[in-house]
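Notes for the one structure printed next.
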Amino acid sequence: MYCFECPVMCGADRENGEYGVCGAGRTALVARAARHYYEEPPISGTRGSGAIFFTGCNMRCVFCQNIGISRGEAPTGAVPADESALADMMLRLMELGSHNINLVTPTPHIRLIERAVPLAKARGLAIPVVYNTNGYELTDTLKRLEGLVDIYLPDLKYVSPRLALLYSGREDYFDYASRAIEEMHRQVGLLELDGEGIAKKGLIVRHLVLPCAVDETRRVLDHIKAALPIETCISLMSQYTPIPGMKKPLDRRLTRAEYRRAVAYAESLGFTNVFIQKRSSASGEFTPEFDGTIE
Ligand code: SF4
């Protein structure tokens, strides 16, 4: 069966050994399945988010922090997972106390996820499922996840085609991501928390503020205000960390002044539910070891 699951629509015959533009082949590879403590507070909570990191990605961000796995290469020890193995990973992470199951870069593996989540639920999975995506998604594909995903955690990286092409190789990013996020909101609505402040259901839109790009952040926030309720939860991230060899202006961290301007703009628009990061958060600790660890 040819794969047309994401906006790249490369048509790779993955069932018969071809690899997609995303780097994914017939079998999903899991680079890490472990509790993760560096997501937003309602996702990580106190006991961690049960993060399952897949290899492969349908974007080509020049600043990618997960470059070791995002091009689809198999890191040492990456574990092949069929639906039963993936369901078992979810159950194990629940047993360890994770607040949720956090599927990281899930898009190339959506067919597997469609089968694994119901199987895990039949075996006793009773915590929310988080779909943690770059946002470059087809709405028709997302519709198949309705009722399986409780929390959507998409990026909205850019509005401008120029920047999307320059930094992520996907000129049409906003066209797809903006429609995808509206579909996510239709499915799960605004963020809902339990009595301890842990997410039960809903949408959190992430945006990473980039150096010399606060104007782009303003465009992103303007769009969210126009397209979604003002109570929409936004995570405004300051954690940009340059990888070695980055060219200007991406060769430095965000300045305090840049982040302050981004936060001030979000406040000026009247958003009531914005996660702000400490700038000291910008470090490699957000990126765990992708060594095939399966807790
Ligand atoms: S998910 Fe991967 S294989 Fe499928 S269309 Fe997108 S890039 Fe191609």
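Read the figures in this text as sums done on the coordinates, not as results from a lab. As the structure is a computational prediction, the values presented were derived from the model and not from experiment. Using ideal geometry, Cβ is built from the backbone for each residue, glycine included, and neighbour counts are taken over all protein chains shown.
Looking at the range 86-147, which GluC sites (Glu not before Pro) are in a loop (DSSP not H, G, I, E or B) and have at most 15 other Cβ atoms within 10 Å?
146
Determine the dipole magnitude for the chain: charges of +1 sit on the beta-carbon of Lys and Arg, -1 on that of Asp and Glu, nothing else is charged, the reference point is the Cα centre, and the result goes in debye to the nearest 20.
The calculated dipole for the chain is roughly 760 debye.
Expressed as a fraction of 2.2 N^0.38 Å, the rule-of-thumb size for a compact globular protein of N residues, what is the C-alpha radius of gyration of the range 88-236?
1.08
For the range 111-174, which chymotrypsin sites (Phe, Trp or Tyr not before Pro) are both in a DSSP coil and crowded by at most 15 other Cβ atoms within 10 Å?
Sites meeting the loop and neighbour criteria: none at all.
Counting each DSSP H run of 4 or more residues in the chain as -39500 (n - 2.57), what helix-only mean residue ellipticity at 222 nm follows after dividing by all residues, to the nearest 500 deg cm²/dmol?
-9000 deg cm²/dmol
Could you pull out the trypsin sites (Lys or Arg not before Pro) across the range 102-196 that fall in loop regions by DSSP (anything but H, G, I, E, B) with no more than 16 other Cβ atoms inside 10 Å?
123, 144
Taking the beta-carbon count within 10 Å as an exposure proxy, list 3, 61, 212 from fewest neighbours to most.
Least to most surrounded, the residues fall as 212, 61, 3.
Take every Cα pair under 8 Å in the chain that's 6+ residues apart, average their separations, divide by the length, and report that relative contact order as a whole percent.
For the chain, the relative contact order is 18 percent.
Fewest first, what order do 269, 191, 86 take by the number of other Cβ atoms within 10 Å?
269, 191, 86
Please find the FRET efficiency linking residue 96 to residue 274, where r is the Cβ-Cβ separation and R0 is fixed at 41 Å, and quote it to the nearest 0.05.
Computed FRET efficiency for residue 96 and residue 274: 0.85.
For a quick check: sort 248, 200 by the number of other beta carbons within 10 angstrom, fewest at the front.
248, 200
Going toward the positive end of the dipole of the chain, with +1 on Lys and Arg Cβ and -1 on Asp and Glu Cβ, which of 21, 228, 76 do you reach last?
Most positive-ward Cα: 228.
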